[in-house]
Amino acid sequence: MVVGYNVPEGWMRVGKLQYNPSEILGRGCEGTVVYRGKFDGRDVAVKRVVSEFVRLVDREADLLRESDTHPNVIRYFCMESDSQFRYLALELCVASLNDYVHEATVREKVCITSTELLRQATEGLAHLHIMHIVHRDMKPQNVLLSTTGTRGVRAVISDFGLCKRVQPGRHSLSKRSGLAGTDGWIAPEALSSESTSFPVDVFSLGCIFYYVLSDGDHPFGDSLHRQTNIVNGDYMLRGIKRDVPVAISLIESMIQRVPNMRPSLPCVLAHPFFWEPDRRLQFFGDVSDRIEKEDDSSTIVRRLEQNARAVVKGNWRNNICDPLAADLRKFRTYKGNSVKDLLRAMRNKKHHYRELPQDVRDSLGHIPDQFVVYFTSRFPLLLLHTYESMEWCAHEGIFRNYYPDEVRLRMKKEIEKDELQRRADAQNIESEWIRGQPAKGKSVVNVAV
């Protein structure tokens with residue numbers, strides 16, 4: 001270790017790096033320590049790793065170099081070494097996602113919604129997957145919050161020590177990659193002898209989603225029983241505080257026991273959980289326009305009206321305010337047990353918002369935010385139910401923007417299967433009809449016994 005010139009008192013210098021050994025920002029496994037430091041005049045975090053793990057730290061540096069161009073991946077600056085340690089200079093962050101969940105002062109300081117942080121963390125992890133990198137240690141402590149640059153607060157993926165690259169032409173890591181991750185955040189397949197791949201990160205991220213949205217709970221219970229519950233698939237999602245049905249739907253899909261049943265990260269990002277109010281309102285309007293002329297016996301309307309009673313709480317007209325109910329009675333007849341008619345009422349009130357009586361506008365609130373909340377708070381299942389029902393139209397132009405490729409492909413197969421079944425049913429009916437006809441030139445004689 002060489003003490004250089006222009007180094008603050010008590011600080012140490014290694015090559016182009018300086019760090020303060022008395023200011024520890026965090027500790028990792030195998031003697032890893034993170035210090036506050038400086039590189040090229042900027043404040044950085046200096047990660048010191050024991051030289052015995054030189055191969056791992058070199059791989060971490062290589063993966064960081066390749067992936068840190070994304071705003072939601074921690075930035076890497078340089079690496080230095082001495083006889084005992086390797087030193088990585090990384091972007092200095094103000095807190096972790098774990099701090100954000102547990103400390104009100106952190107939430108006040110960064111002033112960003114939990115949904116936006118989860119979206120950014122997903123964007124960063126999706127970038128790694130595009131680069132064929134599996135993180136293998138996703139947890140709240142490894143999602144950091146940065147305030148550097150001009151983008152405001154950013155969630156960044158950190159700690160690449162256990163990352164592995166999926167080799168070209170392969171879809172998974174070799175079984176020799178070994179167990180990786182932190183107890184309680186490890187996907188079930190990683191605990192067995194199965195080969196692992198990108199779904200292990202999706203599983204861990206789903207646990208993180210619940211952890212944030214429940215203010216610190218874990219879907220698989222307390223730390224003592226957590227990993228056992230993960231293996232057995234025993235989870236509980238009752239602690240979510242907001243956007244409940246939509247959030248539960250997404251998290252349940254992410255923590256599925258079967259890896260290939262979990263969504264890809266682009267599919268996670270496309271989920272209505274992340275939709276802003278204006279997008280939700282536009283979707284409801286597009287759906288109403290699409291089904292306006294559809295017969296009630298059509299597949300799409302039947303899908304939409306399936307389980308309608310639960311969606312509209314028996315009769316949606318009994319669950320809206322008096323001013324809106326009175327206004328609706330003036331113009332058209334709406335069926336209170338119909339999802340289709342509820343969407344039509346929403347669309348019509350949005351289109352004619354400026355013409356509505358003041359008391360109705362006051363009740364609905366401003367467009368889009370309060371208007372959407374007015375309906376989704378009264379009918380919590382409406383958005384998720386409509387989204388899942390309209391997957392049938394995911395391939396259509398106006399809906400391609402709402403559904404990711406994997407949903408469109410899945411629904412295309414389902415539609416083709418449905419079409420084949422309908423043709424087969426039609427042929428069976430025709431065959432039965434033909435068999436029931438008398439042979440040509442013969443008559444059927446009814447004989448009474």
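Read-outs: derived from the displayed coordinates by stated rules, not from any lab. Quick caveat, the model's predicted, so the values are computed rather than measured. Because the Cβ atoms are built from the backbone with ideal geometry, glycine has one as well, and the counts that use them run over all protein chains shown.
Taking Cα centroids, how far is the range 335-379 from the range 242-284 in Å?
Their Cα centres are 24 Å away from one another.
Structure shown: which of 139/164; 330/350; 139/241; 293/340; 241/350; 16/38 lie over 18 Å apart, alpha-carbon to alpha-carbon?
Check vs 18 Å cut-off fails for 139/241; 241/350.
Can you order the peptides 126-135, 345-354 by their average number of other Cβ atoms within 10 Å per residue, highest first?
Put in order of decreasing packing, that is 126-135, 345-354.
Compute the FRET efficiency between residue 421 and residue 94 as 1/(1 + (r/R0)^6), taking r as their Cβ-Cβ distance and R0 = 35 Å, and round to the nearest 0.05.
0.05
If you compute volume of the Cα convex hull per residue in Å³ for the structure shown, which of (i) 342; (ii) 146; (iii) 244 do you land on?
(iii)
Which order do peptides 294-300, 401-407 fall in by mean Cβ count within 10 Å, highest first?
Output ranking for 294-300, 401-407: 401-407, 294-300.
Using +1 at the C-beta of Lys and Arg and -1 at the C-beta of Asp and Glu, which of 277, 389, 356 has the Cα lying farthest in the positive direction of the dipole of the range 277-403?
Value computed over the given set: 356.
Under a 5 Å amide H to amide H cut-off, with H placed in plane at 1.01 Å, what residues pair with residue 38 once short-range neighbours are removed?
18, 19, 44
Sorting check: for 186-192, 310-316, which peptide has the highest mean count of neighbouring beta carbons within 10 Å, and how do the rest follow?
Per-residue mean Cβ counts within 10 Å order the peptides as 186-192, 310-316.
Considering only DSSP beta bridges where both residues belong to the chain, give the percentage that are antiparallel (nearest 5).
Bridges in the chain are about 95 percent antiparallel.
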